[in-house]
1. Give me a count of the residues in the range 134-154 that are surrounded by 14 or more Cβ atoms within 10 Å (Cβ to Cβ), in a loop (DSSP other than H, G, I, E, B) and more than 16 Å from the ligand (Cβ to nearest atom).
2. Considering only residues that are of a type in the set (G, A, S) and within 18 Å of Q324 (Cβ to Cβ), which ones fall in the range 445-465?
3. Considering only the range 291-324, state which residues are aliphatic (A, V, I, L, M) and either over 30 Å from P269 (Cβ atoms) or part of a loop (DSSP other than H, G, I, E, B) (or both).
4. Of all residues in the range 140-185 being among the hydrophobic types (A, V, I, L, M, F, W, C) and at pLDDT below 95, which is farthest from the chain's Cα centre (by Cα)?
5. Search the range 116-133 for residues that are outside any strand (DSSP E or B) and pair each with any residue that is within 16 Å of the ligand (Cβ to nearest atom) and among the charged types (D, E, K, R) when their beta-carbon atoms are under 8 Å apart and the residues are at least 6 apart or on different chains.
6. So, A33, is that one more than 22 Å from the chain's Cα centre (by Cα) and more than 9 Å from the ligand (Cβ to nearest atom) or not?
7. Being more than 19 Å from H264 (Cβ to Cβ) and in a strand (DSSP E or B) is the filter here; which residues of the range 206-230 pass it?
8. Determine whether the range 229-247 contains at least one residue that is over 28 Å from E42 (Cα atoms), aromatic (F, W, Y) and under 22 Å from the mean Cα position of the chain (by Cα).
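The values are calculated or read from the model by the stated rules, or taken from the named source; none is laboratory data. Since the structure is predicted, the reported quantities are computational estimates derived from the model, not experimental observations. So basically every Cβ, Gly included, is an ideal-geometry build from the backbone, and we count neighbours across all protein chains shown.
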Amino acid sequence: MVKPFFITTPIYYVNDVPHIGHTLTTVVADIIARSHKLRGEEVFLLTGTDEHGAKVAEAAKNDGLSPQAYTDKVTKTFSEIWPKLGIQVDYFIRTTNPDHVRIAQAFLQKLYDQGAMYKDWYRGLYCIGCEKFLTQDDLTDGVCPFHPNRKPEKQKEENYFFKLKSFIPTLIDALTDEHHPHHYDILPLSKKNEVLSKLKLGVSDLSISRQKVEWGIPLPWDSGQTCYVWVEALMNYYSAPQIIGKELWPADVHLVGKEILWFHSVIWPALLIAADLPVPKTIFAHSFYMIDGQKMSKSLGNVIAPQKLIEKFGADGTRYLLAQSFPYENDSNVGWGAFTKTYNADLANGWGNVVQRVSKLAHDADIAGKKTSEVITLYQEYYNAMDTFRFHDILSHVWVNIAEVDRLIDQNKPWELAKVDPKKARVVLEDLIMRVLRINTHLKPFMPETSKEIERRLTSSPVEVGPPLFPRVTEQP
Ligand code: MSP
């Protein structure tokens, strides 16, 4: 039996509600998942929430709730928003799920039994914002670059350590040798090279437990310690398939933001190898959204919420805008002004207008719609671009074809042609319908609902003209 294509997003911390960064990763995972469905493959998309640790416990306290009541409340803001964006989530995991706790504990016990852990003193700095131990190299001007307003905490406690250092040669070989039994890959290549150089510089062992964090999973062999939140969070990818009893592991793609690539591409594969488990095939790390040239933050008041995007641009409009501005290799600058411009230019005046022009001409000439079975075959190049997250290449190809349809309409003027050569006018219009349907197929993973509607209109007999697909929007949110 062929295993479904298994794609994951990070599980998001519940110390905050969803914003455009989380939305980007989850929408992109769904676009990739749908591109596999288009190939007739079975797909499984996993997302969820990361609910333990000091940061979440602190947020719960500030909210006057118990950690469990607080996580129950915030996790809903994630699980309820994804369907509103047309994201087809196959399973939503919560790390407070008792089954996850049980499976993570068994995983930890196995590592302990294999001799992959030892007890020692941890002395150093910890950033609660990142839930991460910091080295001097991680600091910028003495603070964490991701949380400059939070002084890293000095910590000294007795912890269990995972022998991460001893796995480094194996990880380097696994990343560089395609035939290695634990081979896996990191995309894009620039990010892979960064990880490799850092690995070659040397790595310390990892403290995997906490003495003073109560809101966590107790270590099965020492109930005085809880598991370091990142370690059990990574285990969600492995526990989720077991919770629902599906043969899915290893994941085909872990899609993550660049700030958490190290956890996914070094710590996670090392934990898996130590437990004699297969490693994920690919880890793709995208870069970040900057909002109008600035980092997104609550204090700057520039956080963009998915609900607001949906209100303004619709679910498919939002999906398109996120894919169009995808921070593939470098950070990408977005904002309400830029989104509005792109939406109006690409969707309202561009694609929406072309579909409207062709359907109106075809409808007025009483042309019967095409059968969809004549339409759907996409080139391998398209799927190659999808598999390497090159949305930009796909969308620029789509744009050349949209412009071509516009040009053909202007050049052939089918409404005038109909007066002198009605047969030829029909041929021209039928060709235009096919072209629009072809473009539409390319756009299916990006804008599934609109694509369905376009297909319905252009396959009706006669072709149907409906209300505008992408009504123009004004500048202000
Ligand atoms: N809980 C951890 C992940 C554990 S996975 C086993 C975590 N959660 S998070 O809520 O902070 O989400 C981080 C993810 O959100 C990033 O990896 C990225 O996917 C997304 N983004 C958060 N801010 C972002 C931007 N400004 N731009 C783009 N995406 C970013 O880390």
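1. Matching residues across the range 134-154 total 2.
2. The answer is S451, and nothing else.
3. Initial filter on the range 291-324 (aliphatic (A, V, I, L, M)): 291, 296, 300, 303-305, 309-310, 315, 321-323.
Residues satisfying the conditions are I291, M296, L300, V303, I304, A305, L309, I310, A315, L321.
4. Taking the range 140-185 as the starting set, the residues that turn out to be among the hydrophobic types (A, V, I, L, M, F, W, C) are 143-144, 146, 161-162, 164, 167-168, 171-172, 174-175.
Those still in the list that are at pLDDT below 95 too: 143-144, 146.
On the way: V143: 28, C144: 25, F146: 20 Å.
That would be V143.
5. From residues that are outside any strand (DSSP E or B), the pairs are I128/K55; I128/E58; I128/R150; G129/K55; G129/R150; C130/E259; E131/K55.
6. So A33 does not fit the description; no.
7. Passing the criteria: S209, R210, P218, L219, D222, S223, G224, Q225, T226.
8. Among the residues of the range 229-247, at least one is over 28 Å from E42 (Cα atoms), aromatic (F, W, Y) and under 22 Å from the mean Cα position of the chain (by Cα), which makes the answer yes.
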